[in-house]
Protein chains: 2
Amino acid sequence: MKLAVVALGGNSLIHPKERGTAEKQIKRVNKTISHLKPLARKFTLVLTHGSGPQVGNLLFQQKLSKKTLPEMPLDTLDSMVQGQLGYWIQQAVENVLHKNAVTIITRVLVDKSDNAFKHPTKPIGQKSWKKMVASPIPIQIIDVEKIKALVKNNFVVIACGGGGIPVIKKVGKFSGVEAVVDKDHATQKLASQLKADTIIFLTDVQYVFYNYGKSSQKPLRKLSIENAIKYLKDNQFEEGSMKPKIEASVEFLKKGGKKVLITSPEKLNLALKGKAGTVVE
Amino acid sequence: MKLAVVALGGNSLIHPKERGTAEKQIKRVNKTISHLKPLARKFTLVLTHGSGPQVGNLLFQQKLSKKTLPEMPLDTLDSMVQGQLGYWIQQAVENVLHKNAVTIITRVLVDKSDNAFKHPTKPIGQKSWKKMVASPIPIQIIDVEKIKALVKNNFVVIACGGGGIPVIKKVGKFSGVEAVVDKDHATQKLASQLKADTIIFLTDVQYVFYNYGKSSQKPLRKLSIENAIKYLKDNQFEEGSMKPKIEASVEFLKKGGKKVLITSPEKLNLALKGKAGTVVE
């Protein structure tokens, strides 16, 4: 079977307006995963996911208890949330899709001299405890060989949670850094390194739109790599939302990927039949 | 190469009397892992580890912020700490032992009708936020096939952190439960399911002692399975400390395991030469 890397958007794991008990979050994860049924029949799956709200919650809890307990740095918080969401997603895949699933703690190599460290642009957390952090470019998914070994054994692999744990290499040694890697760009790196056939970005909208939010907005059913590049130059796509997905799509196709599909979890089944979603190819 | 499952005691990851910043904990993890060098030349390694203090810290943080954020249940906290410590340990193995390492979020099957749920006996946390929770018997390591696939590919696998995430199965579906599985018993289950040759329990003392803490105490250099059973009946070993290790040793040898070694990380090198540690066989 061909390999598809599916990126689950943050809102498909936690309701943007809910406080998010474990019970409610798990219910939402199960629902999202149930939409992958038709996909799981056609493709071997690797799942990536966002984790902004969950990392934000942990950040808040660290701040509130810092008089008693030392605050953990952001890379460690990333690893905690990979465990948390990985556990929930993996169990949902087994309970709902009846496929064996596994979560891999995944590190992503970044460059300490990346400009992002001078200009933090990535918002994490919710409401009053929102914080801007650096979002460096992912150079390489460090743990990709482990993911490959598991994919070969037909497991559904959950990897690169929250964009992966950002790590630098200095004198041959890895160490974590305070940053958050963009999930869509990390997904592209992973998909390209795995030589995946397809990336599927699951997000809040069923299409990518041209002139999004304007009266002239129209859904893009097909988007060529040339138009994608053109529209990116024209600032057609929202920062931190559709823009990184389109950038990642262009990069994936340039690196040999066959196809990218962007849609909502609810419309995925229709999209696979060509009746919804935006195909970039 | 033969397979050894190495259980890292809680104190080998965090100093029992320190507040434990990430920096200090990572330093301690690196130190502990450095003691595995001679072992890593002779054996393929799977590492398990305790996580009591770290889960306790998370519990405390959840309580402190519960007015703003919903508290996560214990199984979810387990998954978070598996991510956290797995990340640190895996990076230490790569930086210090120069072996490729991978962390697997690991679930352990338990029985909802286990008596432990009526009589919580396991202390978690530190100082004022200590709490007693249920410690059911581990029936099976659910994620063992994934661990096998990675071991076959020569990765050092970090698994079963904190004894694994306790999960029950009901009408074919897994769900997490509020409990903590004993790390030593979970380590035995994992080692037996992996058909490992050896278990190595790394703990605070370099030997198992007979009459521990009394003036007549003496180190046990060799412990036969028969004497182990006899001494267990005589209550020679401390609950929650040496007792589960000896119980797990007996069970492992009965299930076909060849050898158990109990010692401290610092004495491991000497113990491998037969000059320290307690061998159960």
Within the group B:181, B:156, B:205, which residue is within 14 Å of chain A (Cβ to nearest Cβ) and either under 17 Å from the mean Cα position of the chain (by Cα) or among the aliphatic types (A, V, I, L, M) (or both)?
B:156
Residue A:149 is checked against (1) of a type outside the set (Phe, Trp, Tyr); (2) touching a residue at least 24 places away in the same chain (Cβ under 8 Å); (3) not in a loop (DSSP other than H, G, I, E, B) and fails just one. What number does that condition carry?
(2)
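Residues A:91, A:61, A:84: which one is of a type outside the set (A, V, I, L, M) and in contact with a Leu (Cβ under 8 Å, 6 or more places away or on another chain)?
Details: A:91 fails: in contact with a Leu (Cβ under 8 Å, 6 or more places away or on another chain); A:84 fails: in contact with a Leu (Cβ under 8 Å, 6 or more places away or on another chain).
Only one candidate qualifies: A:61.
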Based on this model, can you work out whether residue A:54 counts as free of Cβ contacts under 8 Å to residues at least 12 places away in the same chain, in contact with a helix residue (DSSP H, G or I) (Cβ under 6 Å, 6 or more places away or on another chain) and not hydroxyl-bearing (Ser, Thr, Tyr)?
no
Among the helices (runs of 4 or more DSSP H) lying completely within segment B:210-281, list those that include at least 1 residues that are aromatic (Phe, Trp, Tyr).
B:225-233, B:242-254
Looking at (1) more than 16 Å from the chain's Cα centre (by Cα); (2) open to solvent by 40 Å² or more (accessible area, probe 1.4 Å); (3) under 18 Å from residue A:9 (Cβ atoms); (4) at pLDDT 95 or above, can you tell me which one residue A:212 breaks?
(4)
Note: among B:24, B:31, just one is more than 14 Å from chain A (Cβ to nearest Cβ), surrounded by fewer than 19 Cβ atoms within 10 Å (Cβ to Cβ) and at pLDDT 95 or above, namely B:31
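Restricting the search to segment A:159-176, which residues are more than 19 Å from the chain's Cα centre (by Cα) and among the aliphatic types (A, V, I, L, M)?
From segment A:159-176, those more than 19 Å from the chain's Cα centre (by Cα) are A:168-176; that's our starting set.
Once the filter is applied, which keeps residues that are more than 19 Å from the chain's Cα centre (by Cα) and among the aliphatic types (A, V, I, L, M), segment A:159-176 yields A:168, A:171.
Yes or no, residue by residue, for (1) over 18 Å from residue A:135 (Cβ atoms); (2) among the β-branched types (Val, Ile, Thr); (3) over 20 Å from the mean Cα position of the chain (by Cα); (4) open to solvent by 40 Å² or more (accessible area, probe 1.4 Å):
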{"residue": "A:216", "(1), (2), (3), (4)": "yes, no, yes, yes"}
{"residue": "A:231", "(1), (2), (3), (4)": "yes, no, yes, no"}
{"residue": "A:248", "(1), (2), (3), (4)": "no, no, no, no"}
{"residue": "A:253", "(1), (2), (3), (4)": "yes, no, no, no"}
{"residue": "A:259", "(1), (2), (3), (4)": "yes, no, no, yes"}
Here is a list of conditions, (1) at the interface with another protein chain (Cβ under 10 Å from one of its Cβ atoms); (2) part of a helix (DSSP H, G or I); (3) open to solvent by 10 Å² or more (accessible area, probe 1.4 Å), and residue B:41 meets all of them except one; can you say which number that is?
(1)
Determine whether segment A:81-88 contains at least one residue that is small (Gly, Ala, Ser) and closer than 30 Å to residue B:21 by Cα.
yes
Exactly one condition in (1) at negative phi; (2) without any contact (Cβ under 8 Å) to a residue 12 or more places away in the chain is false for residue B:37; which is it?
(2)
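The values are calculated or read from the model by the stated rules, or taken from the named source; none is laboratory data. Computed from a prediction, not measured in an experiment: that's the story for all the values here. Neighbour counts are summed over all protein chains in view; Cβ atoms, including those assigned to glycine, are modelled from backbone coordinates with ideal geometry. We work out accessible area using only protein heavy atoms, side chains counted, and drop any ligands, DNA or RNA first. Shrake-Rupley method; radii C 1.70, N 1.55, O 1.52, S 1.80 Å.
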